[in-house]
Structures are given as structure tokens and as C-alpha cells.
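*Asks:* Dropping the structure in here first, questions after.
FYI, it's all coordinate maths here, none of it is from the lab. Please read these numbers as outputs of a predicted model, since none were measured by experiment. So basically every Cβ, Gly included, is an ideal-geometry build from the backbone, and we count neighbours across all protein chains shown.
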Amino acid sequence: MKKLQSIEEFEQLREKGKTIFMFSATWCPDCRFIDPVLPEIEAKFKEYTFVYVDRDQFIDVCQQLDVFGIPSFIAFENGNELGRFVSKDRKTQEEIESFITGLK
């Protein structure tokens, strides 16, 4: 998974193609819980670019998008928000895949 490097990069990725941003943090145990399944999820949904957003590094982006719990996912296509799976609850592989499938 690509790691977001700057706010400018966030703007570019949001505006071009299909992108799913995963908001997370290194200290978050629920985020680490899903780490092992993320490569499999990315492989199933190749039409999306997956981008890891460090919540602590990009707190302004989180506030702008109303992301107050992690792990959370927001999908965009060419600048339009397709959907969001935002909460403070632990997420399973099945829940994440169901969210992505529902975007289509």
C-alpha cells in the first residue's frame, strides 16, 4: 500500500482515478489487526489505488473529512466521494470487502 507523503499528493490522488484512502496510525491496535489482510484486499480490487494516511501526520486532512475514528476508509473517483467506512470500531476483512463491493 502506498503511503501518503503530502497534502498535495492527497489532492492529486483524490482528483484522479479511483482511490481508497485508509486512515490509520502505527499505535492503533485495531489498525494493526487488519494489516495482514490488506494485500489480499488490494489484490481483489485492482481498479483502486490504495493509500495509507497516517492520522497523526495528516490530522488536518482527517478533520477536513470528518475522520475521527481509525481505521477508516474513504473512496474517491475523480474527485467525487464514492463512500466511506468511518468509525472507531475494529473492522474485519469481510466488512472492508463488502464496503468496497458496495462502491461499484
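*Asks:* Pulled fully out, how much extra length does the chain show between residue 35 and residue 88, if you take 0.36 nm times their separation in residues and subtract their Cα-Cα distance? Don't jump to the answer; show the numbers that get you there.
*Replies:* Numbers: separation 53, 0.36 × 53 = 19.08 nm, distance 1.60 nm.
Contour length minus Cα-Cα distance gives 17.5 nm.
*Asks:* What number comes out for the charge environment of residue 58, summing +1 per Lys or Arg and -1 per Asp or Glu over other residues with Cβ under 15 Å away?
*Replies:* On the way: positive: 2, 3, 14, 55; negative: 8, 9, 11, 54, 56, 60, 66.
Charge balance near residue 58 sits at -3.
*Asks:* Would you calculate, for the chain, the mean residue ellipticity at 222 nm contributed by helices, counting each DSSP H stretch of 4 or more residues as -39,500 (n - 2.57) and dividing by all residues, to the nearest 500?
*Replies:* One gets -9000 deg cm²/dmol as the mean residue ellipticity at 222 nm.
*Asks:* When Lys and Arg each count +1 and Asp and Glu each count -1, what net charge do the other residues less than 14 Å away from residue 16, Cβ to Cβ, add up to?
*Replies:* That works out to -3.
*Asks:* While we're here: Candidates (1) 30; (2) 25; (3) 39; which is the computed percent of Cα pairs over 21 Å apart?
*Replies:* Comparing each candidate, only (2) matches the computed number.
*Asks:* Something else about it: Using the Cα centre as the reference, give the magnitude of the dipole from point charges on the C-beta atoms of segment 2-101 (Lys, Arg: +1; Asp, Glu: -1; all else neutral), rounded to the nearest 20 debye.
*Replies:* Values: 13 positive and 19 negative charges, 30 e Å.
Roughly 140 debye, rounded to the nearest 20.
*Asks:* Could I ask something else about it? Find which of 7, 43, 22 sits farthest along the positive direction of the dipole of the chain, computed with +1 on the beta-carbon of Lys and Arg, -1 on that of Asp and Glu, about the Cα centre.
*Replies:* Looking along the dipole axis, the top candidate is 43.
*Asks:* Could you please report the charge total around residue 32, scoring K, R as +1 and D, E as -1 over all other residues with beta-carbon less than 14 angstrom from its beta-carbon? Don't skip to the answer; put the middle values down first.
*Replies:* Working: positive: 55, 90, 91; negative: 30, 35, 54.
Neighbour charge sum, excluding residue 32 itself: 0.
*Asks:* Quick one: how many lysine pairs does the chain have with C-alpha atoms less than 15 Å apart and a gap of 8 or more or different chains? Give me the count, please.
*Replies:* 7
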